[in-house]
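Step one of this worksheet: look at the structure below.
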């Protein structure tokens with residue numbers, strides 16, 4: 001990725017952190033050094049064009065999670081010694097979503113009803129209008145007779161490419177989490193609140209979207225009947241909401257202010273026990289960090305999965321219980 005794409009990716013991560021309820025994130029000295037190198041390189045490039053460059057904060061420094069970095073390097077100020085808080089770039093709004101037709105599924109087996117729903121979603125005109133050319137609407141996958149159903153936020157670049165939820169880096173981590181539970185990906189069901197990748201309003205020269213953003217309430221309202229219908233067909237013993245967006249979609253946007261307030265307890269979704277835990281993309285950002293808060297986040301996520309295993313009546317070994325002892 002070029003400098004601009006890296007900065008957009010950083011903006012995306014900060015937005016996700018804010019959505020998870022975080023207010024600060026620690027940045028390492030090594031990361032700060034890399035960022036300074038990148039900005040210095042950009043400064044040289046922009047100087048050749050008579051422009052200016054700019055900054056971001058660093059490791060050992062607490063950077064507000066609500067901070068975001070402007071997409072255009074020439075807008076930056078020349079200092080990089082202190083973290084800078086900037087307002088997020090404006091996102092080009094897509095046309096208002098039309099009313100969604102009611103979902104009507106034919107009678108039949110669980111598989112037949114699921115396939116009918118899948119065809120409705122994959123051929124939905126609104127969903128198709130919001131995917132990028134050559135990309136795919138994303139529908140849930142997995143075992144229709146599972147006892148555990150994982151629900152995430154929205155597709156990313158890898159997901160819209162393959163038409164399947166959780167296939168990128170976050171998906172690889174989710175696969176490892178599932179395996180640590182003694183299961184395989186094929187034994188559970190995985191879906192998303194949203195069926196298309198949210199429009200950022202910014203693309204690279206080849207039309208590739210370089211960042212993600214959380215779904216809007218309007219987008220979630222349009223797609224929620226699709227994931228609710230999947231839950232209705234599968235009827236799992238336990239639902240796992242991955243991240244604050246999934247919690248907001250399934251339990252209501254005003255129920256919890258932060259992810260920390262939602263996790264660690266059981267909730268009810270239409271008679272099905274629901275456990276909220278951190279999104280794998282948030283856990284990825286804790287990799288390599290040895291601080292107390294980072295270790296607690298990973299330990300808390302595993303405690304959530306242990307609770308899910310027990311509620312789903314899966315065996316729990318002493319080794320699994322002792323992962324973070």
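The values are calculated or read from the model by the stated rules, or taken from the named source; none is laboratory data. Remember, predicted model here, so these are calculated numbers, not experimental data. FYI the Cβ positions are ideal-geometry reconstructions off the backbone, even for glycines, and counts take in every protein chain you see.
Couple of notes before you dig in:
- Any pair with Cβ under 8 angstrom, 6 or more apart, that starts in the stretch 103-115 at a residue that is closer than 15 Å to residue 142 by Cα and ends at one that is outside any helix (DSSP H, G or I): 110/144; 110/145; 111/144; 112/106; 113/105; 113/106; 113/107; 114/144
- Count of the stretch 75-92 residues which are loosely packed, with under 15 Cβ neighbours inside 10 Å and either in contact with a helix residue (DSSP H, G or I) (Cβ under 8 Å, 6 or more places away or on another chain) or modelled with pLDDT of 50 or more (or both): 1
- Residue within the stretch 293-306 that is outside any helix (DSSP H, G or I), farther than 17 Å from residue 190 by Cβ and without any contact (Cβ under 8 Å) to a residue 24 or more places away in the chain present: no
- Every pair of residues 6+ apart whose Cβ atoms lie under 7 Å, when the first sits in the stretch 144-168 and is free of Cβ contacts under 8 Å to residues at least 12 places away in the same chain while the second is surrounded by 20 or more Cβ atoms within 10 Å (Cβ to Cβ): 167/159
- Residues located in the stretch 168-197, provided they are assigned to a loop (DSSP other than H, G, I, E, B) and either more than 18 Å from the chain's Cα centre (by Cα) or surrounded by fewer than 22 Cβ atoms within 10 Å (Cβ to Cβ) (or both): 168, 181, 182, 183, 184, 188
- Test: residue in the stretch 226-233 that is surrounded by fewer than 22 Cβ atoms within 10 Å (Cβ to Cβ), touching a helix residue (DSSP H, G or I) at 6+ places or on another chain (Cβ under 8 Å) and part of a loop (DSSP other than H, G, I, E, B): no
- When 275, 311, 325, 285 are screened for being closer than 22 Å to residue 165 by Cα and either surrounded by fewer than 13 Cβ atoms within 10 Å (Cβ to Cβ) or modelled with pLDDT of 95 or more (or both), only 275 passes.
- Only one of the numbered conditions (1) assigned to a helix (DSSP H, G or I); (2) modelled with pLDDT of 95 or more is violated by residue 240, and that is (1).
- Selected residue [over 18 Å from residue 193 (Cα atoms) and touching a helix residue (DSSP H, G or I) at 6+ places or on another chain (Cβ under 8 Å)] from 274, 295, 251, 305: 305
- Scanning the stretch 100-120 for residues that are modelled with pLDDT under 85 and exposed (fewer than 14 other Cβ atoms within 10 Å of the Cβ) yields one hit, 101.
- Tally, over the stretch 145-157, of residues that are crowded, with 17+ Cβ neighbours inside 10 Å and touching a helix residue (DSSP H, G or I) at 6+ places or on another chain (Cβ under 8 Å): 9
- Subset of the stretch 246-255 [part of a loop (DSSP other than H, G, I, E, B) and either closer than 19 Å to residue 154 by Cβ or outside the structural domain of residue 311 (by TED's automatic domain parsing) (or both)]: 252, 253
One line per residue, one yes/no per condition, for (1) farther than 17 Å from residue 226 by Cα; (2) within 21 Å of the chain's Cα centre (by Cα); (3) not in a helix (DSSP H, G or I):
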site	(1), (2), (3)
112	no, no, no
118	no, no, no
129	no, no, no
132	yes, yes, yes
138	no, yes, yes
144	no, no, yes
150	no, yes, yes
158	yes, yes, no
